[in-house]
1. Does region A:1-128 classify as rounded, prolate or oblate by the C-alpha gyration tensor (a ≥ b ≥ c root eigenvalues; a/c under 1.5 gives rounded; else a/b over b/c gives prolate, otherwise oblate)?
2. Sorted by average packing, counted as other Cβ atoms within 10 angstrom per residue and highest first, what order do B:143-149, A:253-259, A:152-158 take?
3. What is the distance, in nm, between label points placed 7 Å from the Cα along the Cα-to-Cβ direction at B:Thr230 and at A:His120?
4. Report ³J(HN,Hα) in whole Hz for each residue of region A:198-211, in order, from the Karplus equation J = 6.51 cos²θ - 1.76 cosθ + 1.60 where θ = phi - 60°; Gly and Pro get x.
5. Ranked by Cβ crowding within 10 angstrom, fewest neighbours first, how are B:Thr48, B:Thr187, A:Thr135 ordered?
6. Determine, for each peptide in B:74-87, B:190-203, the mean count of other beta carbons within 10 angstrom over its residues, then list the peptides with the highest first.
7. In nm, to one decimal, how far is the modelled label at A:Leu108 from the one at A:Asp142, with both set 7 Å along Cα→Cβ?
8. Averaging sequence separations of C-alpha pairs under 8 Å and six or more residues apart, then dividing by the length of chain A, give the relative contact order as a whole percent.
Amino acid sequence: MTSKQKFLYFIYLHRTGLTVTGLSLALLLLPLFEDNPYTLGLTNLIAINAIVVLGLNLFIGYAGQISLGHAAFFGLGAYGSAIATVTYEIPPWPAMILVAAIVALVALLVGIPILRLSGHYLAMATLGLNFVVHTILLQWDDVTGGPSGFSGIPYLSFGNFEFDDEVRLHYLLWGVTLLSLLLCLNLVRSGVGRGLSALAGDEIAAAALGVNTRNAKIKIFVLSAVLASLAGSLFAHCYSFVSPDSFTIFTSTDMVIMVVIGGMGSIWGSLFGAALITLLPEWLDLFETYKDFIHGGILVLVLMFLPQGLVTGLVESIKIKLALRRRKNAST
Amino acid sequence: MLQLKHVSKNFGGLPALSEVTFGVPKGQLTALIGPNGAGKSTLINCITGVLQPSSGNIRFQEREIAALPAHQISRQGISRTFQNLKVFSRLTVLENILTGLTCEGGDSMIMAMLRLPHLRHRERQLKLRAMEALDRFGLTDKANWPAGILAYGDKKRVELARATVSRPQLILLDEPVAGLNAEETATVGEQLRLLRSSGHTMLLVEHDMALVMDIADQVVVLDSGKCIATGTPGEVRQNPLVLEAYLGRMDATA
């Protein structure tokens, strides 16, 4: 092997670690070059969305299920943290963990019956869950503040160090996002992850290989709900205000669109999808009014031409081309 | 090793299997044959837990497995291949084989997310075993190909490699040579013989009579959901019931 080949092989072998390191460095340095609070506010929102999308992609892209209701868990996390810290005066960090645990329990109780369903039926059931949670947030005025929202949520802090401006939040939010990214990458590259891919490929074949399909689906559902809940808590502490409008079924569908556009079954695609869909409305004022139309249109186009998602679809078509070329070379 | 007693399966009121009784002895290759619609696939599905038999007992190594869910049956050491291929086309060939070792993972989701050192070590070992299996089936140079682009024959070999990589106690093969040409059939036959000589127990569902008569130690004949004959290939070939139900027709058309 020449030194160049060795170098390329080293990069190939450590591609995941190197990409994570590169991304971390870029994010570490970003506030030095870009300190416009508006821009950082946007990237922070990408980080929050990315946490939800990572979990949702495990559920949709890896385990092959569908959820049109993850904004429910996102909302439960946000309102949970709000109520715990303001009404019950629990310190924010323990509150976040407590709320995540409660959401996990909710997801488990909901997941056991509804994950017996699949396809359209599962989509409808999760959609229903979202409606129920949204209605509770909207109608239970005494606890949630009703349609006018819940304000006065404290910032997160370590001692006297408060996460109260965009730069500080940048490090906090992206720290959590990178950690989630790393955990998800580890998961999908393990035996458990392969079991999930098998599940998405064919349920009967997966079971025949020893994958406990029912349990695996429920576990991933709970995991994705916990990630959504954590993202919700961060959302609440970041803006110190939450309202039911942030947790409607349109939020849920936006999240599904992020998964689909980024790429089903691609952890990196989740980041890309979250970034693209979060930024799109900012690039064109037009998008504000016709947002749902445009998101819908993009979704239809991606599903028609690259059903695996934008990133996964492109990467896979390149991979297949390379493999086919190798096959051709091998045969001649 | 595997013992079926009076296994019946009804779909609605329609009996697909009635009172099927036979055994699969350890270390041997048992072939299950019968005309289309005889209930062979239903039987395989009952053994592997995809379907639950309506009545009867299925014992595997002295343990009743008829009521167990599919993944637990798999973890007892029964693996299978599928008649209509179920290769995971989005995974690479190597990853496909690795899914065959899922049942040995047994690790929790949280451990996997933390990627502790001992997991990394085991992951390397699993990969080595998977590579060995690829080598056995002549797929080494395609290890990193997406399985979806493989030719049909190669996909069949991936299934076979996946089903055998965990060294299961019993392998159920649902028509492993259907759709293969004579040369490929001979290769698969050779591989099955190798598996048997290395001590694997197999139950083979197959329509290719030449292959069955060539490699089976014992043949079980199913017709309209009933077990009509059991014996060595020689005995079964001469059984008038079998001739009438199946082989006679095969000979006439062949």
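Each value in this text was obtained by applying a stated rule to the coordinates, not by laboratory testing. This one's a predicted model, so the numbers in the text were calculated from it and none came from an experiment. Don't worry about glycine lacking a Cβ; one is built from the backbone with ideal geometry, like all the others, and counts go over all protein chains shown.
1. Values: a/c = 2.56, a/b = 1.39, b/c = 1.84.
Oblate shape, in that a/c is at least 1.5 and b/c is the bigger or equal ratio.
2. On the way: B:143-149: 18.6, A:253-259: 24.9, A:152-158: 16.4.
Ranking, from highest mean packing down: A:253-259, B:143-149, A:152-158.
3. 4.6 nm
4. Karplus-based 3J(HN,Hα) across region A:198-211 equals 4, 4, 5, x, 6, 5, 5, 5, 4, 4, 5, 8, x, 7 Hz.
5. Working: B:Thr48 22, B:Thr187 16, A:Thr135 11.
Ascending number of Cβ neighbours within 10 Å: A:Thr135, B:Thr187, B:Thr48.
6. Numbers: B:74-87: 21.1, B:190-203: 16.8.
With the highest mean Cβ count within 10 Å placed first, the list reads B:74-87, B:190-203.
7. It works out to 2.9 nm between the two label points.
8. Values: 458 pairs, mean separation 99.7, N = 332.
Reported as a whole number, the value is 30 percent.
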